[in-house]
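Note sheet for the following structure.
The values are calculated or read from the model by the stated rules, or taken from the named source; none is laboratory data. What you see is a predicted model; the values in this text were computed from it and never measured. Quick reminder, even Gly has a Cβ in these numbers, built from the backbone with ideal geometry, and neighbours come from all protein chains shown.
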Amino acid sequence: MKAQHWYDAVVKCEQQGIAYVLATVMGAAGSVPRDQGSKMVITENSQYDTLGGGHLEYKVVQHAQQLLAENQVGNFIEHFPLGASLGQCCGGSVSVLFESFAVKGLNLTVFGAGHVAKALMSILSQMPGKVRWIDNREDMFPRQQYDNVQTILSDDPVAEMKTLPVNSQVLILTHNHQLDFDLVEHALKRGDLSYVGCIGSQTKAQRFQMRLQHKGFDEGTINNMICPVGDTSIPGKLPIEVAVSISAQLIQHLEQFKQAQPQRQGVSWQTIKQDLVKGKAVSSMPNKVE
């Protein structure tokens, strides 16, 4: 739990492109930990402000983080009786509005911490969103830290691929061609990543395509691999030039992906009134980003 006020937390999440849930006490009956209108912000790894603590807050945080893990976006209401089931003796009941906001901007994982990746981070750090940076060589990560970049030291990068969020982007820039292929293979097997880019030449791309065909991947799936990665209209082979090219392509992809997503839906005032009166866990269907 962090003491930061919920409003400041919302500003931080919006500025840094962090996915979050704003939880608000919409209705309260009887003895409750916090009054109507109390709010808190929940992210993947943190909570800001409070709804009064205890098991109620634990359940609210748990529910909010499940929404984030499933990449669900929308507004909906849940009802919590404060009885023995929640281990609280208040005896009242609380209706909580959950407003779930997806990552704005990048939700990118970069495999490899070589020269191109280092140059790329200096650009990505200025863009909204979240970046995970994975390598198995601790000494390859620079000392300089960026607010929106999480460095992950992992002896098994392929295993990390299996844990990435749905609809996130993947960029493969490792020093090992076999590792590159293994990562591409597992990324395509998932089938739920919005962008799979791999650094390399046309020759490397053709070899990967042939190997994927031999492993039974169909043409449509193989075509989801972007290799060589980057905007071909931007020339140059220096690390910073390649990084600019990749950044340009990522920006184009994000805009296209954004345009393809369904519009966010809210909860009607009739639904809110009905839920508060009945005290039932009736919710609007959140938009699951496909």
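Some notes on this structure:
- Test for GLY216: is it at pLDDT below 95, at positive phi and not acidic (Asp, Glu): no
- When residues in the stretch 35-59 are screened for being at positive phi, crowded, with 17+ Cβ neighbours inside 10 Å and touching a strand residue (DSSP E or B) at 6+ places or on another chain (Cβ under 8 Å), 1 of them pass.
- Yes/no for LEU67 being closer than 25 Å to GLY27 by Cα and touching a residue at least 40 places away in the same chain (Cβ under 8 Å): yes
- Residue in the stretch 171-216 that is surrounded by the most Cβ atoms within 10 Å (Cβ to Cβ), counting only those that are among the polar types (S, T, N, Q) and free of Cβ contacts under 8 Å to residues at least 24 places away in the same chain: GLN209
- In the stretch 241-259 there is no residue matching the filter, namely being over 25 Å from the mean Cα position of the chain (by Cα) and modelled with pLDDT under 95.
- Picking from residues in the stretch 154-182 that are aliphatic (A, V, I, L, M) and within 19 Å of the chain's Cα centre (by Cα), the one that is nearest to SER122 (Cα to Cα) is LEU171.
- Extreme residue, farthest from PHE98 (Cα to Cα), among residues of the stretch 37-61 that are part of a loop (DSSP other than H, G, I, E, B) and in contact with a Ser or Thr (Cβ under 9 Å, 6 or more places away or on another chain): GLY52
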